[in-house]
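Step one of this worksheet: look at the structure below.
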Amino acid sequence: MSSQSPIQGHPRFKRLSDYLASKAPLGKLPGRQHIDPAEITDLLPYVMLIDVVPQDSGKVRYRIRLMGSEVAAIQGEDASGKFVEDVLTSPEGQDIIRGYEEVRRTRQPNYRKGVVATPGREHIHYE
């Protein structure tokens, strides 16, 4: 028995997942250069572009390149340009970073729902 990803049951997530899969180079994740915002105008308010920033230690950090307006409203601020761990300081923030690691490792979409990982916004749920 195969279980269907929650992404497949949500039209907006499925559209984004299908779009990104169509833009990704073989065996890689799509980069900013592969994405044409004009092709996904309906999704832009809900999108965050995350840069993977290698560190001298061999680890990586994640920088928010762009935060869509709906994501910023949920978070309570536009965190574009900031590192994820500087914005998501609650324990749930570490879960989100682990999710980014999983996406890097598997090169597959990741679905998550929970509470906003920004102090003072924990009452807000998201998918």
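The values are calculated or read from the model by the stated rules, or taken from the named source; none is laboratory data. Since we're looking at a predicted model, the values are computed, not measured. Don't worry about glycine lacking a Cβ; one is built from the backbone with ideal geometry, like all the others, and counts go over all protein chains shown. Ligands, DNA and RNA are excluded from the accessible area calculation, which covers all protein heavy atoms including side chains. Shrake-Rupley method; radii C 1.70, N 1.55, O 1.52, S 1.80 Å.
At a glance:
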| read-out | value |
| --- | --- |
| For region 87-127, Kirkwood radius (reciprocal of mean inverse C-alpha pair distance, Å) | 10.7 |
| Dmax and Rg, reported as Rg then Dmax, of the chain (C-alpha, Å) | 14.7, 44 |
| Solvent-accessible area per residue, Å², over the chain with all protein chains present [probe radius 1.4 Å] | 65 |
| Order by protection proxy (mean Cβ within 10 Å, highest first), peptides 71-78, 99-106 | 71-78, 99-106 |
| Ordering of 120-127, 86-93 by packing [mean C-beta count within 10 Å, highest first] | 86-93, 120-127 |
| Derived scalar couplings ³J(HN,Hα) [region 114-127; Karplus, 6.51 cos²θ - 1.76 cosθ + 1.60; whole Hz; x for Gly, Pro] | x, 9, 4, 8, 10, x, x, 10, 5, 7, 9, 9, 9, 10 |
| 5 angstrom amide H check on LYS82, placed H, neighbours 5+ away | ILE64 |
| Among 46-54, 23-31, the order from most to least packed when residues are scored by Cβ within 10 Å on average | 46-54, 23-31 |
| ILE50 long-range amide H proximity, modeled H, under 5 Å | ARG65 |
| From phi via Karplus (6.51, -1.76, 1.60), per-residue ³J(HN,Hα) for region 6-13 in Hz, x at Gly/Pro | x, 4, 5, x, 10, x, 5, 5 |
| Value at 222 nm in deg cm²/dmol, rounded to 500, when DSSP H runs of n ≥ 4 in the chain each add -39,500 (n - 2.57) | -9000 deg cm²/dmol |
